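Engineer: Would you mind keeping the following structure in view while I ask a few things?
The values are calculated or read from the model by the stated rules, or taken from the named source; none is laboratory data. This structure is a prediction, so every number in the text was calculated from the model and none was measured. Here Cβ is always computed from backbone atoms with ideal geometry, including for glycine, and neighbour counts include all displayed protein chains.
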Amino acid sequence: MSLSLNVNVSTRINGSPVGGLSSNFNNLGAPAAPQTASLAQVTPRALVDGFERPAASVGQRVMQAAEELRGMSTRNGPGGGNVACAFAVNKVLARAGVPTLGANPNYVPSLEQALRGGRGTQVSPAQARPGDIVISPGQSHVGVYLGEGRVLSNSSSRAAFRWESGLNFGGYYGNGQSRIYRLNP
């Protein structure tokens, strides 16, 4: 009976694949001569929280991070968590491996300015996808779109990232239509 074992080792510089070695052990004997792997053979991966994960779209990573942080306390944020919606969204982005938004990451108008300034693309409610960023009319609240018309954001009364509402935050933050942004890769 003949056994064969293939081993692939890839090398990364700054998180990007740069090739690797491939060895073939026939009958568990000496390795075959090393070969350089092409970049097409290397699966892209993202470094998130110190762990490599398969690459996903920015929106998918943001959505996953939002679900992982659902219920997170925001008491160490602005106002003891009572005005920490932008703070919470930036915690989600950091968890997803996305640079934080805004010159002032705790201020909703600063987040929207960054999104309008090239970090995002505004989309209609009909185009919204999970992981998009939702900003209330009047720029007084922000959350992460979950899909099916639902948004996850900071609950000021509970100082926790756990309030699930509709796209317009139940009218609590002004009348009119919220703006939705898809983060640019």
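Engineer: Only residues that are part of a helix (DSSP H, G or I) and closer than 22 Å to residue 162 by Cβ: list them for region 91-111, please.
Structural biologist: 91, 92, 93, 94, 95, 108, 111
Engineer: Mind checking whether some residue in region 117-124 is in the same structural domain as residue 65 (by TED's automatic domain parsing), modelled with pLDDT of 95 or more and under 19 Å from residue 68 (Cα atoms)?
Structural biologist: no
Engineer: Here's another thing I want to ask about it. Among the residues of region 140-151, write down those that are surrounded by fewer than 18 Cβ atoms within 10 Å (Cβ to Cβ) and not in a strand (DSSP E or B).
Structural biologist: 140, 148, 149
Engineer: I would also like to ask the following. Quick one: in region 126-162, of everything that is of a type in the set (Lys, Arg) and in contact with a strand residue (DSSP E or B) (Cβ under 6 Å, 6 or more places away or on another chain), which residue is nearest to residue 78 (Cα to Cα)?
Structural biologist: Top of the filtered list is 162.
Engineer: Is it the case that region 88-99 has a residue that's over 15 Å from residue 183 (Cβ atoms) and surrounded by fewer than 17 Cβ atoms within 10 Å (Cβ to Cβ)?
Structural biologist: no
Engineer: If we scan region 152-160, do we find a residue that is touching a Leu at 6+ places or on another chain (Cβ under 9 Å), assigned to a strand (DSSP E or B) and loosely packed, with under 15 Cβ neighbours inside 10 Å?
Structural biologist: Within region 152-160, not a single residue is touching a Leu at 6+ places or on another chain (Cβ under 9 Å), assigned to a strand (DSSP E or B) and loosely packed, with under 15 Cβ neighbours inside 10 Å.
Engineer: Pick from region 129-139 the residues that are out of contact with any Lys or Arg (no Cβ under 6 Å at 6 or more places or on another chain) and assigned to a strand (DSSP E or B): which of them is farthest from residue 56 (Cα to Cα)?
Structural biologist: Across region 129-139, the extreme among qualifying residues is 134.
Engineer: Can you tell me how many residues in region 168-185 are crowded, with 18+ Cβ neighbours inside 10 Å and assigned to a loop (DSSP other than H, G, I, E, B)?
Structural biologist: Going through region 168-185 one residue at a time, the tally reaches 3.
Engineer: Name the one entry in 88, 65, 114, 126 that is under 20 Å from residue 184 (Cα atoms), hydrophobic (A, V, I, L, M, F, W, C), touching a residue at least 40 places away in the same chain (Cβ under 8 Å) and assigned to a helix (DSSP H, G or I).
Structural biologist: Matching residue, one of 88, 65, 114, 126: 88.
Engineer: Then there is this: Could you please let me know if residue 138 is free of Cβ contacts under 8 Å to residues at least 40 places away in the same chain and closer than 17 Å to residue 86 by Cβ?
Structural biologist: Yes, satisfied.
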